[in-house]
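Written out below as structure tokens is the structure these notes cover.
The values are calculated or read from the model by the stated rules, or taken from the named source; none is laboratory data. Predicted model only: the values in this text are computed from it and were never measured. No Cβ is skipped: glycine too gets one built from the backbone with ideal geometry, and neighbour counts run over all protein chains shown.
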Amino acid sequence: MSIFDLLHKSPFKPMQEHMRIAVRCANEVPGLFEALIAGDEEELKRRKDEIFRIEMEADNLKNDMRIHLPKRLFMPVARRDLLEVLDHQDSIADVAQDIAGLLVERKFEVPKALEEPLRKLVAECVSACEFSLKIVEELDELLTAGFRGKEADRVESMCTELNGIENTTDELGMALATVLFDHEDEMKPISVVFWYQIIQWIGDLADHAEKVGNRFRLLIAQ
Amino acid sequence: MEIIADQGTVFLIIAGVVSLFMAWGIGANDLANAMGTSVGSKALTVRQAIIVAAIFEFAGAVLAGGHVTGTIRKGIIDSSSPVLLENPQYLVYGMIAALLAAGIWLLVASHRGWPVSTTHSIVGAIVGFGIVGIGFDSVAWSKIGTIAASWVISPLVGGFVAFVLIRSVQKLILDREEPFAAARVWAPFYIFLVGFIISLVTLFKGLKHLNLAFSVEVSFAVSGGIGLFVAAVGGVLIRRVQAVGEESQKGRFSNVERVFGYMMIFTACSMAFAHGSNDVANAVGPLAAVVSIVQSGGEVTQKAGLPVWVLLIGGVGILIGLATMGYRVMATIGTKITELTPSRGFCAELAAATTVVIASRTGIPVSTTHILVGSVLGVGLARGLGAIDMRVFGTIAMSWIVTLPAGAILAMVFFYIMRAIFG
């Protein structure tokens, strides 16, 4: 035995790596919708395959982390809390995958009026994910600072800012749904139903990003 | 008595060789672990660690190692026991047996990667031969009780001190708006602490065996002076740290860590010093016992002085051990510890060194490795480390249960062999 047996590999670096992968998934979504709007089926399929591939990467890393986080490790944060943050991180990738899958399965048409609000919503939700990634990237700084003090305050205010971004996405989502409602009669009824589903899922991207931030508060609090 | 007169030189040679063997084991194992933390946090290269160890292990042994050596030499076995008075050579056999037992146990255990405390091995071995070779009552059980208690308490003390240190670092430096600027301000104070504490504990009321007597006030003054000198040197080094990429996200603390990297040079020295003050005795104490009996022609006295050359044998042996096998251990630790950043390493090492040096001053043999483990845990409790494997504590407990009897039994066996050969 030597001193190094005492210091187990820190779980924080893999956490940050996982979040980067999950947000890469989210970053593919705007391109996905551009392809949909342009009616480019090949591009759509390509984007969807890419998202599926990245999502599997995220899953593998997540499972790897779960295996390598035994209960006997003493960490500055609660193990349960850390695993919950991981779950929400992973949900971002999962939702992106759901969206991509549905867009390829059903041939959606995008009414002209929907294009702008849709783009705005997607952009804002992805930016929520990016912001959430910034928070997760603060993990090693938090560790150095001992999860307290100025650094903890910084991260706390970042979480609050993220709450604000998510509120904006809620409003944009409602705006999009309103436009959808106005054009319901021009569209196939079943498509409309699934459009509401799509809008819900896009919003979920931001929701999960926000949850990551909220769980982070628990990590710090202890 | 005649045996001693006849075979005295033989005994001295055997004892010297076996003591060197034990010292080599201590260097390859114990010291490698102690210096490994500095290598692991990139404060020193392996080569620099060996140089630091060379200077400060010796210094620790010579300046501060006398008390623990005295305990091991004469504090565990009561030399006024009637069996010993009649057969003083039994003490010679026993001490040689103890060294052989502990040394071999060290070899076996480290080969298998078991956690091993050199201190526990030698104390267990001495108690072992004391029980069978001389008599149950010849062992100073109350002393053993104190020592055993300190084996439990010292890692806790190390942990507590480390916790206080890392919290102070968090509050004074890491928590500030400008951590790097704060680090440059506070670093000299911390470095002063290193020099001051180690000096004070060592010099308090003087160095008996070097015939230097200090009053309490002089002790404080000299220690303060040494502390200031060390802080000044440190201050010069710190000035060389340039701020690199301070604006970047990752830059904020990496500059602080670079300052602590320089600070760790001083704690690395103090770790080597502390280790020398406590663990050289494990190899040298028994040798000193043999030397004093042989030189007095069979008289087992409590009062004999400690020849400095005996401490030197221990120091040399340890260094050879560190430079040969310990080299690899430190290099391995170096590549595998990425989590112990300098700010953490500094606090853990200073806490451990302080605790060990205090124990050395009070003449109590302790396990430097276990204290270092306790100190690292203390840092972890302040939420300063990513993940600490608590399984290590189970292995430490196991090692206690196994090492003490193993050392004792091996020593008993070797004692009987010695007695059979030499009568």
Practice problem: Determine which member of the set B:413, B:373, B:379 is surrounded by 18 or more Cβ atoms within 10 Å (Cβ to Cβ) and out of contact with any Cys (no Cβ under 6 Å at 6 or more places or on another chain). | Solution: B:373
Self-check item: Test: residue in the range B:170-178 that is touching a residue at least 60 places away in the same chain (Cβ under 8 Å), at negative phi and within 18 Å of the chain's Cα centre (by Cα)
Solution: no
Quiz item: Out of the residues in the range A:143-196 that are farther than 30 Å from residue B:342 by Cα, free of Cβ contacts under 8 Å to residues at least 12 places away in the same chain and of a type in the set (Asp, Glu), which is nearest to the other protein chains (Cβ to nearest Cβ)?
Solution: A:171
Quiz prompt | Single match in B:313, B:318 (criterion: surrounded by fewer than 24 Cβ atoms within 10 Å (Cβ to Cβ), among the β-branched types (Val, Ile, Thr) and more than 9 Å from chain A (Cβ to nearest Cβ)) | solution = B:313
Exercise. State yes or no: is residue B:60 under 21 Å from residue B:355 (Cα atoms), crowded, with 24+ Cβ neighbours inside 10 Å and touching a residue at least 60 places away in the same chain (Cβ under 8 Å)?
Key: yes
Quiz item: Quick one: what pairs do we get from the range A:61-86, first residue at pLDDT below 95, second among the polar types (S, T, N, Q) and part of a loop (DSSP other than H, G, I, E, B), C-beta under 8 Å, 6+ apart or different chains?
Solution: A:76/A:222; A:77/A:222; A:78/A:222
Quiz prompt | Condition broken by residue B:404, with the remaining ones in (1) surrounded by fewer than 21 Cβ atoms within 10 Å (Cβ to Cβ); (2) at pLDDT 85 or above; (3) over 19 Å from residue B:371 (Cβ atoms) satisfied | solution = (3)
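Rundown of residues vs (1) within 14 Å of chain A (Cβ to nearest Cβ); (2) out of contact with any helix residue (DSSP H, G or I) (no Cβ under 9 Å at 6 or more places or on another chain); (3) in a helix (DSSP H, G or I), yes/no style:
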site	(1), (2), (3)
B:162	yes, no, yes
B:168	yes, no, yes
B:181	yes, yes, yes
B:191	no, no, yes
B:235	no, no, yes
Quiz item: Yes or no: residue B:103 more than 14 Å from every other protein chain (Cβ to nearest Cβ) and at positive phi?
Solution: no
Quiz prompt | Selection status of residue B:364, more than 8 Å from chain A (Cβ to nearest Cβ) and closer than 28 Å to residue B:205 by Cα | solution = yes
Quiz item: Can you name every residue in the range B:15-46 that is farther than 21 Å from residue B:372 by Cα, surrounded by fewer than 19 Cβ atoms within 10 Å (Cβ to Cβ) and either touching a Phe, Trp or Tyr at 6+ places or on another chain (Cβ under 8 Å) or β-branched (Val, Ile, Thr) (or both)?
Solution: B:17
Quiz item: Would the range B:12-20 turn up any residue that is out of contact with any helix residue (DSSP H, G or I) (no Cβ under 7 Å at 6 or more places or on another chain) and assigned to a helix (DSSP H, G or I)?
Solution: yes
